[in-house]
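S.K.: Below you'll find the structure I mean.
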Amino acid sequence: MADYILQVKGLCKSFGAVQASQDLSFGIQRGHIHALIGPNGAGKTTVLNLLSGELQPDSGSILLNSEEINKLPVHKRVKAGLGRSFQITSIFNDLSVAENMALAILAGRGHNFRFWKNAMAVDIVQHTLTEALARVDLSGRAEQQAGRLSHGEKRQLEVGMALVGGPQLLMLDEPMAGQGAGGTVELQKLISGLKGTTTILLVEHDMDVVFSLADQISVIVYGHCIASGSPEEIRRNSEVQNAYLGEH
Amino acid sequence: MTSAIPKTVIIIAGALFFCSLPWAADYFGEQYLISLFTRILIYSLAAVSLDLLIGYGGLISLGHAAFVGIGAYVTAIFFHHSFVAEPIAGIVAGSDNALLVWPLAIIISAAFALIIGSLSLRTSGMHFIMITLAFAQMLYYFAVGLEKYGGDDGLSLYSRNQLVGMDLNNDVHFYFVCLFFLTLFLFISHRLVKSRFGLVLRGAASSSRRIKALGIPERRYKLVCFVIGGAGAGLAGALLANQTEYVSPGLLHWTLSGELMVMVLLGGLGSLFGPVLGATAYLLLEETLAMYTEHWMVYFGPILIMVVLFAKRGLFGFLTQKE
Ligand SMILES: Nc1ncnc2c1ncn2[C@@H]1O[C@H](COP(=O)(O)OP(=O)(O)OP(=O)(O)O)[C@@H](O)[C@H]1O
Ligand SMILES: [Mg+2]
């Protein structure tokens with residue numbers, strides 16, 4: 001039997017008349033890169049928001065490692081192993097790049113009610129900061145204010161920050177959007193390098209990226225999951241062809 | 001801009017200035033400068049404590065005067081009861097001992113900040129501004145209603161507190177005590193904002209969404225910040241009560257909160273040393289303009305607007321900017 005890190009059962013969410021999620025059910029296997037694709041406004045980001053706890057579902061359940069997490073607030077779900085990057089880049093614009101990363105490093109390590117010692121001089125920061133920045137190609141930018149990075153660099157920083165906490169399940173909302181060709185290749189390498197160690201839920205519009213990285217793909221259209229399967233199955237699925245892939 | 005002055009140069013210059021002021025005042029025979037600058041030191045302390053909230057915690061509080069007022073009232077009430085030799089509420093003996101009363105003023109202000117903060121922090125943005133204002137005004141009217149302690153008219157202390165080894169009634173002694181506490185609070189705050197706690201706080205002010213996505217429950221950090229700010233303001237209140245030897249409900253009024261906020265903005269938000277500069281500039285301008293006209297606000301307003309428009313990071317930012 002497959003080992004599911006995350007299972008979603010009968011998830012529903014509507015915004016007024018818009019049904020953003022309609023009876024969604026799918027499972028993500030441990031170690032897989034699971035892609036979520038679908039046209040604009042299909043409800044992909046809504047799924048991530050429901051999983052991360054920013055939104056509460058109208059009905060349905062979310063199981064992380066077979067335990068229901070529906071009731072947990074955002075920060076507890078992070079503690080339980082969920083990490084994410086946002087479609088609209090969300091970093092600490094007012095802090096330096098190094099401080100951004102240091103904060104991400106420190107976030108998962110005990111409480112932060114330490115008032116005296118310089119945060120940047122904490123052992124764990126000293127030991128891991130350089131590598132964490134290098135991993136997302138930002139070594140040369142450490143002292144820069146994060147708000148002044150290019151769009152692509154902000155993306156790299158955000159993914160790096162989500163990674164450094166060592167999440168069990170990493171959710172990436174269109175990480176390639178706004179990246180130049182070089183950045184896309186770099187990020188793709190980074191993500192495929194995580195294969196096997198970190199499970200990834202990847203929302204992405206770039207089909208080349210999706211089909212080369214994903215182990216499993218779920219297709220969402222108008223809030224419905226119309227198909228779920230391996231890249232091969234999805235490619236052959238005629239409903240998906242008609243509803244979505246055909247347009248591309 | 002060309003002439004950026006390194007921060008340390010400004011800070012050292014400021015420290016030298018404040019340390020030598022009593023001698024300068026003495027030399028020029030302008031004794032009133034000592035009490036003017038004592039007031040500046042105390043307001044600076046209050047402004048720095050507000051800067052922790054606004055500049056680092058992103059907590060725009062329009063009720064900071066409440067904590068100044070509480071600190072001042074605690075000091076005055078203890079003094080009063082020690083003076084008339086009657087226990088407070090029939091239980092606790094009054095005192096004029098600074099080493100007892102000032103820590104109490106700090107603790108009680110902090111306790112109020114804990115209560116007000118934990119309720120106010122359920123909201124954010126505009127609502128937070130309004131709710132902090134509402135709490136402060138509530139306490140203001142409470143002070144007005146304190147008939148036993150002078151109500152509207154306030155309460156006089158007949159002397160300053162006792163502090164071992166010092167004579168606080170000596171203006172120079174008192175000046176240096178205030179300078180010591182401002183320096184101490186600046187040092188503590190400086191460490192604080194660079195610590196893990198400070199990093200989380202600055203992060204939460206920058207992006208609440210990202211701090212949550214990192215798994216950090218931001219509210220408790222903001223609450224601790226609010227309490228530390230309240231404690232600093234409480235100390236400022238205790239010193240202010242000593243300086244003027246008088247407290248009144250005006251110390252809790254929102255206009256004082258507003259003045260403190262102007263000092264922070266004028267000096268430079270989120271810079272700690274900026275608010276000292278801001279308080280100094282504010283009170284000196286007020287003093288100078290008031291000599292010429294009682295409508296000094298008419299001239300003060302435009303000056304403020306100019307500074308805020310042309311030096312977005314305040315006077316401190318203007319002096320230290322790099323570009
Ligand atoms: N907070 C909200 N309030 C109201 N409507 C919302 C909200 N969030 C999403 N929606 C609506 O729900 C639907 C799904 O939105 P969602 O952002 O999940 O789509 P998406 O698949 O991520 O699209 P895209 O590819 O453009 O990012 C859309 O019709 C959107 O307008
Ligand atoms: Mg989206």
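We did not get these values from a lab; they are worked out from the coordinates using the rules stated. Since this is a predicted model, take the numbers as computed values, not measurements. Methodologically, a virtual Cβ is constructed for each residue, glycine included, from the backbone with ideal geometry; neighbour enumeration extends over all protein chains shown.
S.K.: Looking only at residues that are assigned to a helix (DSSP H, G or I), within 14 Å of chain B (Cβ to nearest Cβ) and away from ligand 2 (no atom under 16 Å from the Cβ) in segment A:140-158, which one is farthest from the chain's Cα centre (by Cα)?
M.R.: Applying the filter and picking the extreme gives A:Arg148.
S.K.: Can you pull out the residues in segment B:89-106 that are surrounded by fewer than 15 Cβ atoms within 10 Å (Cβ to Cβ) and of a type in the set (Val, Ile, Thr)?
M.R.: Hits for segment B:89-106 are B:Ile91, B:Val92.
S.K.: Within segment B:254-310, which residues are in a helix (DSSP H, G or I) and aromatic (Phe, Trp, Tyr)?
M.R.: B:Trp254, B:Phe273, B:Tyr282, B:Tyr292, B:Tyr299, B:Phe300, B:Phe310
S.K.: Something else now. Which of the following residues is within 30 Å of B:Ser271 (Cα to Cα) and without any contact (Cβ under 8 Å) to a residue 60 or more places away in the chain: B:Thr75, B:Thr123?
M.R.: Matching residue, one of B:Thr75, B:Thr123: B:Thr123.
S.K.: Find all pairs meeting these conditions: Cβ atoms under 9 angstrom apart; at least six residues apart or on different chains; first residue within segment A:78-96 and away from ligand 1 (no atom under 16 Å from the Cβ); second residue part of a loop (DSSP other than H, G, I, E, B) and among the acidic types (Asp, Glu).
M.R.: A:Ser96/A:Glu143
S.K.: Also, quick follow-up: Pick out the one residue from A:Val240, A:Val210, A:Val221 that is touching a Pro at 6+ places or on another chain (Cβ under 7 Å), within 16 Å of ligand 1 (Cβ to nearest atom) and away from chain B (no Cβ under 14 Å).
M.R.: Matching residue, one of A:Val240, A:Val210, A:Val221: A:Val221.
S.K.: Next question, about the same structure. Take the residues in segment A:105-122 that are in contact (Cβ under 8 Å) with a residue 40 or more places away in the chain and small (Gly, Ala, Ser); name whichever of them is farthest from the other protein chains (Cβ to nearest Cβ).
M.R.: The selected residue is A:Gly108.
S.K.: Can you tell me which condition A:Glu204 does not meet? The list is (1) touching a residue at least 12 places away in the same chain (Cβ under 8 Å); (2) more than 16 Å from ligand 2 (Cβ to nearest atom), and all the others hold.
M.R.: For A:Glu204, the exception is condition (2).
S.K.: Look at segment A:41-68 and say how many of its residues are more than 13 Å from every other protein chain (Cβ to nearest Cβ) and either more than 16 Å from ligand 2 (Cβ to nearest atom) or surrounded by 21 or more Cβ atoms within 10 Å (Cβ to Cβ) (or both).
M.R.: Residues flagged as more than 13 Å from every other protein chain (Cβ to nearest Cβ) and either more than 16 Å from ligand 2 (Cβ to nearest atom) or surrounded by 21 or more Cβ atoms within 10 Å (Cβ to Cβ) (or both) within segment A:41-68 amount to 19.
S.K.: Let me ask another. Name the single residue, out of those in segment A:3-40 being within 12 Å of ligand 1 (Cβ to nearest atom) and within 18 Å of A:Met176 (Cα to Cα), that is farthest from the other protein chains (Cβ to nearest Cβ).
M.R.: The residue in question is A:Pro39.
S.K.: Related question: How many of the residues in segment A:78-114 are within 16 Å of ligand 2 (Cβ to nearest atom) and aliphatic (A, V, I, L, M)? Walk me through how you get there before you give the answer.
M.R.: Residues of segment A:78-114 that are within 16 Å of ligand 2 (Cβ to nearest atom), as a first pass: A:84-90.
From what's left, aliphatic (A, V, I, L, M): A:88.
The number of residues fulfilling the criteria is 1.
S.K.: If you don't mind, there's one more thing I want to ask. Scan segment A:104-139 residue by residue and report those that are within 25 Å of the chain's Cα centre (by Cα), closer than 23 Å to A:Val78 by Cα and among the hydrophobic types (A, V, I, L, M, F, W, C).
M.R.: First, pick out the residues of segment A:104-139 that are within 25 Å of the chain's Cα centre (by Cα): A:104-112, A:124-125, A:128-139.
Narrowing further to those that are closer than 23 Å to A:Val78 by Cα: A:104-112, A:124-125, A:128-129, A:131-133, A:135-136.
If the condition is that a residue be within 25 Å of the chain's Cα centre (by Cα), closer than 23 Å to A:Val78 by Cα and among the hydrophobic types (A, V, I, L, M, F, W, C), then A:Ala104, A:Ile105, A:Leu106, A:Ala107, A:Ile124, A:Val125, A:Leu129, A:Ala132, A:Leu133, A:Val136 are the ones that fit.
S.K.: Sticking with this one: Which number in (1) more than 8 Å from ligand 1 (Cβ to nearest atom); (2) within 19 Å of the chain's Cα centre (by Cα) marks the one condition that A:Asn49 misses?
M.R.: All conditions are met except number (1).
S.K.: For segment A:168-193, which residues satisfy the criterion of being away from ligand 2 (no atom under 16 Å from the Cβ) and closer than 24 Å to A:Gln7 by Cβ?
M.R.: Listed by number, the residues that qualify are A:Gln168, A:Leu169, A:Leu170, A:Ile191.
S.K.: Name the residues in segment B:304-323 that are touching a Leu at 6+ places or on another chain (Cβ under 7 Å) and more than 17 Å from B:Gly55 (Cα to Cα), would you?
M.R.: Scanning segment B:304-323 gives B:Leu304, B:Val307.
S.K.: Can I ask one more? Every residue in segment A:168-205 that is small (Gly, Ala, Ser) and within 16 Å of ligand 1 (Cβ to nearest atom), please.
M.R.: Listed by number, the residues that qualify are A:Ala177, A:Gly178.
S.K.: Working only within segment A:71-104, note down all residues that are facing another protein chain (nearest Cβ under 8 Å) and aliphatic (A, V, I, L, M).
M.R.: Of everything in segment A:71-104, those that are facing another protein chain (nearest Cβ under 8 Å) and aliphatic (A, V, I, L, M) turn out to be A:Val74, A:Val78, A:Ile91, A:Leu95, A:Ala102, A:Leu103, A:Ala104.
So that you can scan it fast, the table gives a plain yes or no per residue for (1) surrounded by 24 or more Cβ atoms within 10 Å (Cβ to Cβ); (2) more than 7 Å from chain A (Cβ to nearest Cβ):
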| position | (1), (2) |
| --- | --- |
| B:Phe187 | no, yes |
| B:Val200 | yes, no |
| B:Ala204 | yes, yes |
| B:Phe226 | yes, yes |
| B:Gly232 | yes, yes |
| B:Leu240 | yes, yes |
